[in-house]
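Structure first, then comments.
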Amino acid sequence: MRFANPNQSYGTGRRKSAIARVWVEPGEGNITINGREFSAYLCRPVLAILVKSPLTAIDSEGKYNVKALVKGGGVVGQAGAIKLGIARALVQRDENLRKPMRMGGFLTRDARVKESKKYGRKKARRGFQFVKR
């Protein structure tokens, strides 16, 4: 894969209907999502901790700059997609990180998605309301 910067490594993350393209390079720990500061983009501190969790697992929280472009889904799904993208990019950068990332569960894609609606029903499982008489 070709990059504009040879120091960058790339990872793709997906969660629900969100897709994140993530680039990681050595730096001072700046994280930008869609061109904005990550804490301003995510709003909730819990999601900021979720996004930073792959970096804290390998004790390199202030050592890498992360740039993410994410689309689709909601904020929680986007945060999960970015987390997976960061983990994959770090493993691409250094193959020795695969074992700690796998042990922390950062390389496992969360397969839970919304169940599709069925015909003859109001939603996926809920039937229409009816009255007996």
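Readers should treat all values here as calculations from the given coordinates under stated rules, not as data from a laboratory. Quantities reported herein were computed from a predicted structural model and do not represent experimental measurements. Note: ideal-geometry Cβ built from the backbone for every residue, glycine included; neighbour counts use all protein chains shown.
Using just the C-alpha positions of segment 9-104 as equal point scatterers, what log10 of I(q)/I(0) does the Debye formula give at each q in 0.12 1/Å?
One equal scatterer on each Cα of segment 9-104 leads to -0.30.
List LEU55, LEU90 from most exposed to least, where exposure is judged by having the fewest other Cβ atoms within 10 Å.
LEU55, LEU90
Could you tell me the center-to-center distance, by alpha carbons, between segment 78-133 and segment 52-69 in angstrom?
What the calculation gives is 21 Å, centre to centre.
Could you give the length gained on full extension between LYS118 and LYS63, defined as 0.36 nm per residue of separation minus the Cα-Cα distance, in nm?
Using 0.36 nm per residue and subtracting the Cα-Cα distance, I get 15.0 nm.
Give the order of ARG88, ARG44 when sorted by the count of other beta carbons within 10 angstrom, beginning with the fewest.
Ordered by Cβ neighbours within 10 Å, fewest first: ARG44, ARG88.
Relative to the longest principal axis of the C-alpha atoms of the chain, give the angle of the C-alpha long axis of helix 45-57, reported between 0 and 90° and rounded to the nearest 10°.
Tilt of helix 45-57: around 50 degrees.
Cross-link list LYS16/LYS67; LYS71/LYS117; LYS63/LYS114; LYS16/LYS99: which exceed 31 angstrom alpha carbon to alpha carbon?
Table pairs above 31 Å Cα-Cα are LYS63/LYS114.
May I ask you to compute the full-extension gain from GLN8 to SER39, defined as 0.36 nm times their residue separation minus their alpha-carbon distance, rounded to one decimal in nm?
8.9 nm
Can you give the angle from 0 to 90° between the axis of helix 75-93 and the longest principal axis of the chain, with both taken from C-alpha atoms, to the nearest 10?
Tilt of helix 75-93: around 40 degrees.
How would you rank ASP94, ASP110, going from fewest to most other Cβ atoms within 10 Å of each one's own Cβ?
Lowest to highest Cβ neighbour count: ASP94, ASP110.
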